[in-house]
Amino acid sequence: MLRRSRRPFGLRSRLLLALVATSLATLLAAALALFSPLQDRLREQQASGLTAAGRTARPGIEAAIRRDLRDVGVVGLETSTALRGLAARASAQVAVTDVAGVPLEGSVPPGDDLLDVREVLATNATTITRQDDRQRIALPLNTKPPFFGTLENPRFPFYVLVLRQSDAQVSRTVDEVRQAFATAAVVGLGSAIILGLFLTTTLTRRLARLRDAAVRITTEGMDAPTPLDESSDEVGDLARAMGRMQEGLRRQEDARRQFVATASHELRTPLTSLSGNLELLGEDLAAVDFDREDAVRQVTAAQGEIRRLRNLATELLDLSRLDAGVALRSEPVELGEVARAVAAEFALQAHERRTLLEVVPPRGPCWAQGDPDAVARVARILIDNALRYTPPSTAVRVLTGYAGEGATLAVVDDGPGVPMEEHEAIFERFRRGAATRGEGGFGLGLAIGRELAQRLGGGLELEPATPHGARFVLTLPIELPAGGVEH
């Protein structure tokens, strides 16, 4: 009795571990791809927005400075009002410095680091810097005091607009994204674990049912219940395959049992008859008044039983060769010649049964591809089968020719025929038709013939004869001999 083994890392544990590891790897990759550039991207967007706000407000601030210089001679109220509006809109600290870096209006002290202001004064270009975790934007203003034209470098700016904004909002946004990601990761990982547990549990239970079914087949035999799984996935396919395998094994087992029973009966009958014939023959030989005619009858009967045993041995040998996959030759075979040679072997048997065995002459040579011995074996099976079941004073005809893309050898008899529902069953091993008229046999001949035909690349079929009887047709690929011409 097979016992269910418990492994610390069975299929369920490995699948669940693989699912969790995949989820963690995905989350880690997503975190690396998201958080690393997120803060830099937000800072770039912050600097871009701050620069855009400064450039948008620059014309108004320049106009305010010009009005202050015209009205009061220095930067004053107008400029301060414009700067407060910009600070409110941009949520930033804003100021205007002069060429010396001294803040004239606004709330941004230049501090000790005036590199950005000096760079703007030197290049007349906007600069973006970070100071003390703050974004700092410096833009040149085109407005100049009246005396600026007398200076050494009149083309450089005199006033600089400075905007400074803290990174706190960026940090808060990154923290919020990080927290949201962590929450989503926990929920996603938990969902993956729950789903993984459900899927792996369902899968392992279904596989366990299949394993238990296999154990029952091992212990109880082919009569054990067939595993059922109607799902359309791979496990369902496996269950259905096991069911088909079990059904096939059941048929093989039934065939084996039927073969053993049939073989026991068929062997016992000729052996018993043969033993009786030999005993009677021995009595005749020992008798003083030797009865020659009775001895001849006993010898003839014994020879008939020996032929039955020889046929059985031949069929079993053919069956073992087919199962062993013995290679067959492939060469041109003239079917008319094979038909005539095999028919000659059955001339005496046909005469004894008062049956006309006729090989219908073909129009010309009929060449096929195959193994000559195997083709002859199939022909023997078909002719012997026809002679067994055709009534006396009837005919068995053997015809060869071409049909479509194949060469054919057909055996037609005037026997009782085969019911339509048995057309395929008679080609199974150990199966015999219902209308056998008590003829002996093991139900192996036609099965061997079809398997040989298929091994040769052709087929063996039963076609309905008109108006009665049976027509068995062997079809093989066409192959002409080297240098031959088809007629």
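Derivation of every value follows stated rules applied to the coordinates shown; laboratory data play no part. Keep in mind that this is a model prediction, so the values were computed, not measured. A quick note on method: Cβ atoms are made from the backbone with ideal geometry, for glycine too, and the neighbour counts reach across all protein chains shown.
Kindly provide the Kirkwood hydrodynamic radius of the range 327-477 in Å, to one decimal, from all pairs of distinct alpha carbon atoms.
Evaluated on the range 327-477, it is 15.3 Å.
Return the sequence-ordered ³J(HN,Hα) values of the range 198-213 in whole Hz as given by the Karplus equation 6.51 cos²θ - 1.76 cosθ + 1.60 applied to θ = phi - 60°, using x for Gly and Pro.
5, 5, 5, 5, 4, 5, 5, 5, 5, 5, 5, 5, 5, 5, 4, 5
Determine the gain in length on full extension of the stretch residue 205-residue 395; use 0.36 nm per residue of separation and subtract their C-alpha separation, reporting nm with one decimal.
62.0 nm
Classify the range 157-205 from the C-alpha gyration tensor, please: rounded if a/c falls under 1.5, else prolate or oblate depending on whether a/b exceeds b/c.
Because a/c hits 1.5 or more and a/b exceeds b/c, the range 157-205 counts as prolate.
Once you keep just the Cα pairs under 8 angstrom separated by 6 or more residues, what percentage relative contact order results for the range 327-477?
24 percent
As a footprinting exposure proxy, order 234, 337, 78 by other Cβ within 10 Å, with the fewest listed first.
Exposure proxy ranking, most exposed first: 234, 337, 78.
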